[in-house]
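Participant: Have a look at this one.
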């Protein structure tokens, strides 16, 4: 992360021009001693002198000060990982104070604001009370609104989606209708066209990479579409079960238990809840066993990654996602949430005396404690 570095910039630019401190002092109208103090960081020039200094070196005032309002992608990744770990190791309110200081300091760094907003959403359940959780979601939403109105249209679209998520969490669905224009929904995708263009110039590797990324994003999106569609058909057992069947088919076809286990954990929980709702307790337990088996398997640390089939995906994740392969929460928080999603879920209260259910709860608790 960058701070003000006027002293270093002065020295570097003076040496680049091959001038002495005397020469610079004469031009600015100060003593050589003043220049020396500026270059050692002992004192700083008067603010009215900054435009003259910047003009002399033919640089902007921001460049003169060595000020970078934007953090680099690498800095954001390091900071995000640090904050994620802090949420699992130090008091929640202390981490929030740290985050808010960073927001003030880098208020024009939209990628950082976006990811801090994501941190707030993903850790809001740790706030300690429903009221505090609501306030943090509202705070996150304001960050997403700022990012949405910024100068990055791609990031702005992502911020728009998370703003809508926050509105739903806050029980303000009518505002989502105003935010998201359903008339803009379409079936067009640029990946096939781009891949064809690269293939036409003989760059098959790039064509494959683009299509892999498109397929991967499509699979994740399809699962995320099917889950709410399945829930919406809870009153139609045939459609519900057929949707579950098709979700499982996609999971098996693309080996998602190893490619994207984090996506499946929430998927299995939701399916189990659905089967309980329609009165199929054994099928619910079957999916909870899938959930437990996956949760205690060798999937940690949870990270985004490719596999032998998606062999260009790791490169895309590293180069195109601000956070690389880092997931929103620290593994210790994830493990605890995984256990609580089964043991503290009101939907599973009817299973409290079921031996299969209790065995799964014990396995999850022991797995969490062992790590």
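The values are calculated or read from the model by the stated rules, or taken from the named source; none is laboratory data. Treat the numbers as computed from the prediction; the structure is a model and nothing was measured. Please note: Cβ atoms are built from the backbone with ideal geometry, for glycine as well, and neighbour counts cover all protein chains shown.
Participant: Could you say whether any residue in segment 134-142 is outside the structural domain of residue 344 (by TED's automatic domain parsing), free of Cβ contacts under 8 Å to residues at least 40 places away in the same chain, buried (at least 18 other Cβ atoms within 10 Å of the Cβ) and over 25 Å from residue 335 (Cα atoms)?
Facilitator: yes
Participant: Here is a follow-up. Inspect segment 138-160 for any residue being more than 22 Å from the chain's Cα centre (by Cα) and part of a helix (DSSP H, G or I) and give the result as yes or no.
Facilitator: Looking for residues that are more than 22 Å from the chain's Cα centre (by Cα) and part of a helix (DSSP H, G or I), one finds none in segment 138-160, hence no.
Participant: Could you look through segment 1-57, keep only residues that are touching a residue at least 60 places away in the same chain (Cβ under 8 Å) and in contact with a helix residue (DSSP H, G or I) (Cβ under 9 Å, 6 or more places away or on another chain), and pick out the one that is surrounded by the most Cβ atoms within 10 Å (Cβ to Cβ)?
Facilitator: 6
Participant: Still on this structure: Quick one: residue 229 ticks every box in (1) modelled with pLDDT under 95; (2) closer than 24 Å to residue 165 by Cβ except a single one, so which number is it?
Facilitator: The single condition residue 229 does not satisfy is (1).
Participant: Can you pull out the residues in segment 232-245 that are closer than 26 Å to residue 161 by Cα, touching a helix residue (DSSP H, G or I) at 6+ places or on another chain (Cβ under 8 Å) and not in a loop (DSSP other than H, G, I, E, B)?
Facilitator: So the first thing to find is which residues in segment 232-245 are closer than 26 Å to residue 161 by Cα, and the list is 232-234, 243-244.
Next, only the ones that are touching a helix residue (DSSP H, G or I) at 6+ places or on another chain (Cβ under 8 Å) stay: 233-234, 243-244.
Those that are closer than 26 Å to residue 161 by Cα, touching a helix residue (DSSP H, G or I) at 6+ places or on another chain (Cβ under 8 Å) and not in a loop (DSSP other than H, G, I, E, B): 243, 244.
Participant: Residue 237 fails exactly one of the following numbered conditions: (1) surrounded by fewer than 16 Cβ atoms within 10 Å (Cβ to Cβ); (2) closer than 24 Å to residue 349 by Cβ; (3) at pLDDT 95 or above. What is the number of that condition?
Facilitator: Unmet for residue 237, out of (1) surrounded by fewer than 16 Cβ atoms within 10 Å (Cβ to Cβ); (2) closer than 24 Å to residue 349 by Cβ; (3) at pLDDT 95 or above: (3).
Participant: OK, next. Part of a loop (DSSP other than H, G, I, E, B), surrounded by 15 or more Cβ atoms within 10 Å (Cβ to Cβ) and modelled with pLDDT of 95 or more, is that true of residue 357?
Facilitator: When the stated conditions are applied, residue 357 does not pass them.
Participant: If you go through segment 58-87 one residue at a time, how many are more than 26 Å from residue 15 (Cβ to Cβ) and crowded, with 18+ Cβ neighbours inside 10 Å?
Facilitator: 9
Participant: Taking segment 338-350 as the search range and keeping residues that are under 19 Å from residue 267 (Cβ atoms) and touching a residue at least 60 places away in the same chain (Cβ under 8 Å), which one is nearest to the chain's Cα centre (by Cα)?
Facilitator: 338
Participant: Quick check on segment 202-219. Is at least one of its residues surrounded by fewer than 16 Cβ atoms within 10 Å (Cβ to Cβ), within 27 Å of residue 331 (Cβ to Cβ) and at pLDDT below 95?
Facilitator: Yes, the conditions are met somewhere in segment 202-219.
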